[in-house]
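The values are calculated or read from the model by the stated rules, or taken from the named source; none is laboratory data. Quick caveat: nothing in here was measured; it's all calculated off a predicted structure. Positions of Cβ are generated from backbone atoms using ideal geometry, with glycine treated the same way; all protein chains shown enter the neighbour counts. Areas reflect the complete protein model, heavy atoms only, side chains present, ligands, DNA and RNA absent. Shrake-Rupley method; radii C 1.70, N 1.55, O 1.52, S 1.80 Å.
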Amino acid sequence: MNGLKSFNARRLSVAGFSFLFAYILSFQFEGQVLYSLLDLRGTDADRYILTAIIAHFAGLFTCGLFVKSQAAAKSMMLGGMGLCLAATVPFFFPLPTLWMGGLIVSGYFSGCAVAAWGFFLRAFTPQNERIKSCADVLIYSNLLMIAVNVVAMNRSTFIGLGLSVLCLVIGMVFIWMLPLVQKNEQNKTFKNKTHGGIKNPLILLCLFVFIITINSGLMYQVINPAFEHLTGLVSWYWAVPYIVALAIMRNLPMKANRSRILYIGMAMIMGAFISFMLLGRNTSDYLTVDTLMLGACGIFDLFWWSILGEMLDYSDNPSQTFGIGLSANVFGVLCGGVLGIAVTSMGLPGAEVAVIALTVVCVTLAMLPSLNHQLVLLLKSHAYLAAYDNMSQSQQTDIVRQVKTLNPLTVREQEVLQLILSGKSNREIAGALFISENTVKTHARSIFSKYDVSSRAELISTLLKNQTVG
Amino acid sequence: MKLIRKRRNGYALLFAASICLAVWFGVTSMLEVVFAFGAISLISLVLLVRQSRLLYDATLIWDNRILAVSSALISMPGRQIKKDIEETVVSTFGILIGSEIYRWGLDGVHGVRLHTAHIDQERMYLTFGDAAQTMRVDLLHGMTQKQAVLDAAQKLLRETGVTADIIGW
């Protein structure tokens with residue numbers, strides 16, 4: 001019964017967020033509806049678009065400061081979406097003076113509403129299923145966005161705007177129906193068992209997300225304008241490769257090695273910019289470039305969204321963690337957009353623009369593997385440490401005894417190992433054993449060497465495997 | 001260790017001075033002098049890095065000392081060196097003899113490791129090395145009581161995992 005209840009809550013939560021996100025994608029955050037409206041009025045689009053992005057970034061980044069419980073998160077989502085609704089109304093009328101204010105308000109509060117959803121993602125989706133919930137919201141919201149885009153670009157911009165607003169209203173209904181649950185005890189346990197907090201993994205993740213999304217910003221400013229003449233095709237095909245990539249990634253078996261697919265994604269981004277440089281600007285060229293670019297975006301977006309989702313278990317405030325993670329994405333889009341605007345405003349020929357974009361991509365890609373590797377190790381380390389702490393004292397002692405027989409450690413190394421396994425930092429170990437931090441590091445290196453591992457996460461993983469075998 | 005620190009500071013000073021002079025001569029457009037001081041700063045940087053690493057190892061050895069003695073005799077295949085130095089320290093991670101360092105246990109299982117330890121009434125014999133080379137160090141340990149020898153052996157076992165062979169006590 002509880003399972004059914006939580007399944008329904010999960011569906012409600014996914015549906016509510018998907019509709020909210022569809023509004024954001026189709027209108028507020030570089031949406032086709034907004035572009036069409038600005039084009040219709042002949043106003044300077046860049047100023048409005050950048051303002052909306054900055055406001056959205058601010059909303060995502062600051063939401064965690066005043067949303068600290070699930071009830072507050074629900075209120076924020078409903079209130080924020082209501083304000084977005086009010087701020088969108090002026091766009092039905094020729095009142096450009098109110099538009100800027102409307103974009104600031106809707107940008108800020110849509111950011112807050114998105115960040116607040118972190119509470120519901122954590123509460124209603126089991127830990128290993130977050131990748132599926134994240135894929136679902138991205139797929140559904142993009143499908144809705146395609147529908148709105150097709151209407152806005154082929155029928156009427158105002159009908160498209162009306163559909164965007166309708167998405168917002170439907171989203172509000174679903175969020176209003178969401179139940180509020182008591183504090184999740186399991187999450188509380190995990191949170192308290194996490195040593196050192198999630199600050200460092202989150203910073204690494206944000207850096208990763210920021211770098212990778214610079215490409216998206218460049219894409220908006222460099223690639224998209226080059227295919228503006230293919231209005232009909234662009235309106236429906238643009239996000240199709242993205243959705244297909246998400247669907248494939250979502251339905252891969254859990255055992256599948258997703259890290260290899262990340263490398264395919266990197267190659268696809270490279271391929272997209274090279275194709276953009278070499279090919280022309282007709283339909284087949286657009287299909288090639290867009291498929292490569294948006295397919296890669298789908299692969300990477302699901303990767304970091306799901307990591308962010310898993311991180312929520314180690315966070316005191318899921319809306320803060322979720323908001324900060326997503327704000328890195330928005331900041332990346334913003335920086336990429338500004339870079340793209342600067343590059344195109346210089347009036348460089350298409351090939352040179354593509355070469356510059358490709359150079360940025362190459363620099364980005366060169367940094368990605370090491371960042372990715374470190375991030376995964378850090379997250380794995382947290383998970384394993386939590387698993388070890390949940391064991392009884394006798395199980396822990398058994399593991400250490402097995403270490404002794406497999407490859408003898410000195411007494412000092414055993415002491416250091418015990419403290420590593422209990423999740424202590426090098427500084428804490430040094431304090432506990434009255435030795436210097438450098439000594440601890442040297443002992444730790446020696447222990448890693450004896451087990452032929454390169455990190456704490458691998459060491460603990462090895463010990464857990466040994467225990468299973470034993 | 002004092003000597004290592006002194007050298008490290010000297011190289012740091014030389015590096016800073018040569019960089020400053022290179023910049024100064026660069027401003028006055030004396031290219032040949034700039035290249036000369038640039039080369040000096042590069043060499044002093046390499047030496048500085050090397051001495052800093054040595055100092056790091058020496059500090060590590062000093063911080064984890066097991067035994068401090070006044071004399072050491074180092075033997076390698078083909079030659080023997082006698083050293084009488086004030087500061088000889090046996091530690092978890094090697095021996096510090098004056099400004100010379102013999103490391104073990106710093107590079108994991110594939111690096112230099114302490115193999116054996118023998119203690120007689122006068123000396124302590126330590127054998128260490130890696131797959132390529134083995135060295136032996138003889139120390140005049142200066143211990144007169146059996147308990148002190150047992151304590152040293154116990155500490156050696158705890159820190160390095162090597163059981164000392166105590167002879168003649």
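Here, chain B has an Rg and a Dmax of 20.9, 74 Å when only alpha carbons are counted. Label sites at residue A:127 and residue A:244, each approximated as a point 7 angstrom past Cα along Cα to Cβ, lie 3.6 nm apart.
Find, among the trypsin sites (Lys or Arg not before Pro) in region A:79-176, those assigned to loop by DSSP (not H, G, I, E, B) with at most 11 other beta-carbon atoms within 10 angstrom.
A:155
Computed 3J(HN,Hα) for region A:329-338, one whole-Hz value per residue from the Karplus formula 6.51 cos²θ - 1.76 cosθ + 1.60 where θ = phi - 60°, is 5, 5, 5, x, 4, 4, 5, x, x, 4, glycine and proline marked x. Taking the chain by itself as reference, region A:416-437 contains no residue with an accessible-area loss of 30 Å² or more in the full protein complex (1.4 Å probe, heavy atoms). Annotation for the A:B interface, with buried accessible surface near 1200 Å², both sides summed [1.4 Å probe; non-protein components not counted]. Cross-link pairs exceeding 24 Å between alpha carbons, from the set A:68/A:199; A:199/A:441; A:132/A:424; A:424/A:450; A:450/B:2: A:132/A:424; A:450/B:2. Residue order by solvent-accessible surface for B:158, A:10 is B:158, A:10, largest first, with ligands and nucleic acids left out and a 1.4 Å probe. Could you give the distance between the Cα centres of region A:407-423 and region A:284-330, to the whole Å? Between the Cα centre of region A:407-423 and that of region A:284-330, the gap is 38 Å. Distance distribution P(r), region A:230-303, all Cα-Cα pairs, bin width 10 angstrom from 0: 21, 48, 25, 6, 0 percent. All Cα-Cα distances of region A:1-137, cut into 5 Å bins from zero to the largest, leave 2, 10, 19, 21, 17, 13, 9, 6, 3, 1, 0, 0 percent in each bin in turn. Based on the alpha-carbon gyration tensor of region B:1-62 and its eigenvalue square roots a ≥ b ≥ c, which shape applies: rounded if a/c is under 1.5, prolate if not and a/b is larger than b/c, or oblate? Since a/c reaches 1.5 and a/b is larger than b/c, the shape of region B:1-62 is classed as prolate. Using only the alpha-carbon atoms of region A:28-67 as identical scatterers, what base-10 log of I(q)/I(0) does the Debye formula give at q = 0.22, 0.27 Å⁻¹? So the normalised log intensities are -0.67, -0.84.
Against the longest alpha carbon principal axis of chain B, how many degrees, from 0 to 90 and to the nearest 10, is the axis of helix B:2-27 turned? Rounded to the nearest ten degrees, it is 10.
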